[in-house]
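Structure first, then comments.
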Amino acid sequence: MLLIVGTVRLPSENLDAARPAMRRMVEVSRVEPGCLDYGYAEDVLEPGLIHVRELWRDQAALDAH
(Lines give C-alpha, C1' and ligand atoms only; values in the text may rest on other atoms or scores of the structure.)
Protein backbone atom coordinates (compact mmCIF):
# COMPACT_ATOMS: atom_id res chain seq x y z
CA MET A 1 0.00 0.00 0.00
CA LEU A 2 1.02 3.59 -0.61
CA LEU A 3 0.02 6.38 1.74
CA ILE A 4 0.23 9.92 0.36
CA VAL A 5 -0.06 12.73 2.92
CA GLY A 6 0.07 16.42 2.13
CA THR A 7 -1.40 19.81 2.76
CA VAL A 8 -3.03 22.56 0.75
CA ARG A 9 -3.33 26.13 1.93
CA LEU A 10 -6.17 28.35 0.81
CA PRO A 11 -7.25 31.77 1.97
CA SER A 12 -9.93 30.91 4.51
CA GLU A 13 -12.43 33.12 2.67
CA ASN A 14 -12.07 30.82 -0.38
CA LEU A 15 -12.93 27.57 1.41
CA ASP A 16 -16.64 27.64 0.59
CA ALA A 17 -15.87 28.13 -3.09
CA ALA A 18 -13.30 25.29 -3.07
CA ARG A 19 -15.49 22.70 -1.32
CA PRO A 20 -17.41 21.54 -4.43
CA ALA A 21 -14.16 20.89 -6.33
CA MET A 22 -12.65 19.06 -3.36
CA ARG A 23 -15.82 17.00 -2.92
CA ARG A 24 -15.80 16.03 -6.60
CA MET A 25 -12.12 15.02 -6.42
CA VAL A 26 -12.82 12.79 -3.41
CA GLU A 27 -15.86 11.20 -5.07
CA VAL A 28 -14.16 10.38 -8.37
CA SER A 29 -10.93 9.23 -6.71
CA ARG A 30 -12.62 6.87 -4.28
CA VAL A 31 -14.20 4.86 -7.11
CA GLU A 32 -10.94 4.45 -9.03
CA PRO A 33 -9.51 0.91 -9.05
CA GLY A 34 -6.94 0.58 -6.30
CA CYS A 35 -8.05 3.61 -4.28
CA LEU A 36 -8.49 2.47 -0.69
CA ASP A 37 -9.12 5.93 0.77
CA TYR A 38 -9.01 9.54 -0.35
CA GLY A 39 -9.95 12.56 1.72
CA TYR A 40 -9.52 16.13 2.75
CA ALA A 41 -9.78 17.50 6.29
CA GLU A 42 -9.78 21.12 7.38
CA ASP A 43 -7.38 21.87 10.23
CA VAL A 44 -9.26 23.00 13.34
CA LEU A 45 -6.48 25.36 14.44
CA GLU A 46 -5.41 26.90 11.13
CA PRO A 47 -8.21 28.21 8.92
CA GLY A 48 -7.46 27.48 5.27
CA LEU A 49 -5.09 24.59 5.97
CA ILE A 50 -6.41 21.41 4.34
CA HIS A 51 -4.87 18.02 5.08
CA VAL A 52 -4.88 15.57 2.18
CA ARG A 53 -4.72 11.78 2.64
CA GLU A 54 -4.62 9.21 -0.14
CA LEU A 55 -4.26 5.45 0.28
CA TRP A 56 -3.57 3.37 -2.83
CA ARG A 57 -3.26 -0.39 -3.29
CA ASP A 58 0.01 -0.09 -5.21
CA GLN A 59 2.11 2.15 -7.45
CA ALA A 60 0.22 1.07 -10.56
CA ALA A 61 -3.07 2.29 -9.09
CA LEU A 62 -1.50 5.62 -8.11
CA ASP A 63 0.07 5.98 -11.56
CA ALA A 64 -3.34 5.39 -13.19
CA HIS A 65 -4.86 8.06 -10.97
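For the chain, state which trypsin sites (Lys or Arg not before Pro) are in a DSSP loop and have at most 16 other beta carbons lying within 10 Å of their beta carbon.
Those satisfying the criteria are Arg57.
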Percent of all Cα-Cα pairs per 10 Å bin for the chain, counting from 0 up to the last occupied bin, reads 21, 48, 26, 5
Might you tell me the accessible area per residue for the chain, computed with a 1.4 Å probe and given in Å²? 69
3J(HN,Hα) from dihedral phi, region 50-60, Karplus parametrisation 6.51/-1.76/1.60, rounded to Hz, x for glycine, proline: 10, 8, 10, 9, 10, 10, 10, 4, 6, 4, 4
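To the nearest 20 debye, what charge dipole does the chain have about its Cα centre, counting +1 at the Cβ of each Lys and Arg and -1 at the Cβ of each Asp and Glu?
Result for the chain is approximately 120 debye, rounded to the nearest 20.
The values are calculated or read from the model by the stated rules, or taken from the named source; none is laboratory data. Model, not experiment: these values are computed from the prediction. Because the Cβ atoms are built from the backbone with ideal geometry, glycine has one as well, and the counts that use them run over all protein chains shown. Remember, those area values only see protein heavy atoms, side chains included, never the ligands or the DNA or RNA. Shrake-Rupley method; radii C 1.70, N 1.55, O 1.52, S 1.80 Å.
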